[in-house]
Amino acid sequence: MQNIVIKGGARLSGEVRVSGSKNAALPILASSLLCSGRSIYRNVPALGDVRTMQRLLGDLGAKITTRPAGTTIVDTSTVDNVEAPYDLVKTMRASVVVLGPLTARHGRARVSLPGGCAIGARPIDQHLKGLAAMGAKIELAHGYVTTRARRLHGATIAFDMVTVTGTENLMMAAALADGHTTLENAAREPEVEELARVLNKMGARIRGAGTHLITIDGVEELHPVEHAIIPDRIEAGTLLVAAAVTRGNVLVRDCLLEHLEAVVAKLRAAGVDVTPEDGGLRVRAKADLKPVDISTQPFPGFPTDMQAQFMVLATRAKGQSVLIETIFENRFMHVPELQRMGADIQVEGRTVIVRGPTKLTGAQVMATDLRASASLVLAGLVAEGKTEVRRIYHLDRGYDRLDKKLRALGADVRRSKGGL
């Protein structure tokens, strides 16, 4: 199993491009199931989770072709299977987004229940509630959910909580449903808006994506599409923080400010200079960093997927920072690893208090989830000596060649199968 070894101390400088969005690519690839034919997707990131989705679509009968420069071609004219098995869903919870498209187009689906998650419970009850309201018969047995519907019909669905994948699943299902569907308390994330943009290019009639109220008028059929995926805002945010913690000067290209306003606001509050430039953002950190308080919220609030990275930033700031995690109940598993590196962090329920600045020293650390792995890499960039991050398959699930991008900016980062 590969590890990442980092020798800390380098100030990052130069330019880097952000890859396509993982959280946009996954449901967009799944949306190909809503029609028959050959869809072409560009700027698809080279990630473990994307490969899992491609494999799942292949298991369902689609023909998958990948080309250089991030192009994926999905031909769904041969789809003849409606089961998403446990061995794939267990490795990537986002696999559940095939449930809505399969039910809408094929009238049935059998999808493994995703089960627990390292960062907390993430049930799909809101997905099932919505499909039931649209006329699907639902059966839960033997670890699978089975849905059946001759044709779904429109409904008014009010989510009990904001759910990104729930909004995406039901939006896709409603695109082929008979009549009008309203989704209330819908997720507002850019990835939801991007999916709606793709569905509308396929012939759907969706309005309000990016707001809490989405309306869909179902159509008889959809057609294949060609589309380029938006940049990954979490990768972009991670690179911005990497430049900030190393007191670097980096231009992050293909970086959309409108997707990162909460992150950029906190960076500026910490004393980091962030300015739009040439289709991206330039980040400079010259003065001492200031402490910041953060509470994670659904978009457009501060993203939970940036909480771990900002915890590393807080270890470099002069004073006390308070980070509150409101989305997931178990998303501080990176804290003990940061403490092993010398961070002064105190956990009180869903609140973390970070006192800085503290001297971090290199150590062997273990990644527990995707964003935790990124935070440990960031910590390694500023730690004295060498840091070895183990179980980096988590990192490769959601970051497209992050180690190579950091190395191009001057970081001493390499992959290794050995120890320090």
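The values are calculated or read from the model by the stated rules, or taken from the named source; none is laboratory data. Please read these numbers as outputs of a predicted model, since none were measured by experiment. Cβ placement follows ideal geometry from the backbone for every residue including glycine, while neighbour counts extend to all protein chains displayed.
Determine whether the range 152-160 contains at least one residue that is β-branched (V, I, T), in the same structural domain as L113 (by TED's automatic domain parsing) and either within 13 Å of G100 (Cα to Cα) or touching a Phe, Trp or Tyr at 6+ places or on another chain (Cβ under 6 Å) (or both). No; the residues of the range 152-160 include none that is β-branched (V, I, T), in the same structural domain as L113 (by TED's automatic domain parsing) and either within 13 Å of G100 (Cα to Cα) or touching a Phe, Trp or Tyr at 6+ places or on another chain (Cβ under 6 Å) (or both).
From the list V192, V264, the lone residue that is within 18 Å of G100 (Cβ to Cβ) and either in a strand (DSSP E or B) or among the β-branched types (V, I, T) (or both) is V192.
Here is a yes/no grid of residues against (1) over 18 Å from L257 (Cα atoms); (2) under 20 Å from the mean Cα position of the chain (by Cα):
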| position | (1), (2) |
| --- | --- |
| R282 | no, no |
| I294 | yes, yes |
| F299 | no, yes |
| P303 | no, yes |
| G319 | yes, no |
| I327 | yes, yes |
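Scanning the range 1-28 for residues that are within 19 Å of L239 (Cα to Cα) and part of a helix (DSSP H, G or I) gives K22, N23, A24.
Surrounded by 18 or more Cβ atoms within 10 Å (Cβ to Cβ) and either closer than 30 Å to G280 by Cα or without any contact (Cβ under 8 Å) to a residue 24 or more places away in the chain (or both): does that describe G14? Considered against the rule, which asks whether it is surrounded by 18 or more Cβ atoms within 10 Å (Cβ to Cβ) and either closer than 30 Å to G280 by Cα or without any contact (Cβ under 8 Å) to a residue 24 or more places away in the chain (or both), G14 comes out as no. Within the range 29-78, the set of residues being in a loop (DSSP other than H, G, I, E, B), more than 16 Å from E194 (Cβ to Cβ) and in contact (Cβ under 8 Å) with a residue 40 or more places away in the chain comprises C35, S36, G37, A46, L47, L60, T76, S77.
Of the residues making up the range 149-170, none is without any contact (Cβ under 8 Å) to a residue 24 or more places away in the chain and either part of a loop (DSSP other than H, G, I, E, B) or on the phi > 0 side of the Ramachandran plot (or both).
Within the range 135-158, being modelled with pLDDT of 95 or more and farther than 23 Å from V89 by Cα holds for G135, R151, L152, H153, G154, A155, T156, I157, A158.
Restricting the range 36-54 to residues that are within 11 Å of I64 (Cα to Cα) and of a type outside the set (S, T, Y) leaves a set whose member that is surrounded by the most Cβ atoms within 10 Å (Cβ to Cβ) is M53.
The condition of being in contact (Cβ under 8 Å) with a residue 12 or more places away in the chain, in contact with a Ser or Thr (Cβ under 9 Å, 6 or more places away or on another chain) and either in a strand (DSSP E or B) or among the acidic types (D, E) (or both) holds for L281.
Might you check whether a residue that is touching an Asp or Glu at 6+ places or on another chain (Cβ under 7 Å), within 30 Å of L378 (Cβ to Cβ) and at pLDDT 95 or above occurs anywhere in the range 32-45? Yes: the range 32-45 contains one or more residues that are touching an Asp or Glu at 6+ places or on another chain (Cβ under 7 Å), within 30 Å of L378 (Cβ to Cβ) and at pLDDT 95 or above. A residue that is loosely packed, with under 15 Cβ neighbours inside 10 Å, touching a residue at least 24 places away in the same chain (Cβ under 8 Å), out of contact with any helix residue (DSSP H, G or I) (no Cβ under 7 Å at 6 or more places or on another chain) and not in a helix (DSSP H, G or I) can be found somewhere in the range 228-245. If you check R148, R105 for being closer than 22 Å to D80 by Cα, touching a helix residue (DSSP H, G or I) at 6+ places or on another chain (Cβ under 9 Å), surrounded by fewer than 17 Cβ atoms within 10 Å (Cβ to Cβ) and not hydroxyl-bearing (S, T, Y), only one passes: R148.
Cβ-Cβ distances below 6 Å connect the following pairs, each with a first residue in the range 287-302 that is closer than 18 Å to G210 by Cα, a second residue that is in a loop (DSSP other than H, G, I, E, B) and not aliphatic (A, V, I, L, M), and a separation of six or more residues or different chains: F299/R188; F299/E189.
Taken over the range 212-230, the criterion of being within 15 Å of E189 (Cβ to Cβ) and in contact with a Leu (Cβ under 6 Å, 6 or more places away or on another chain) is satisfied by I214 alone.
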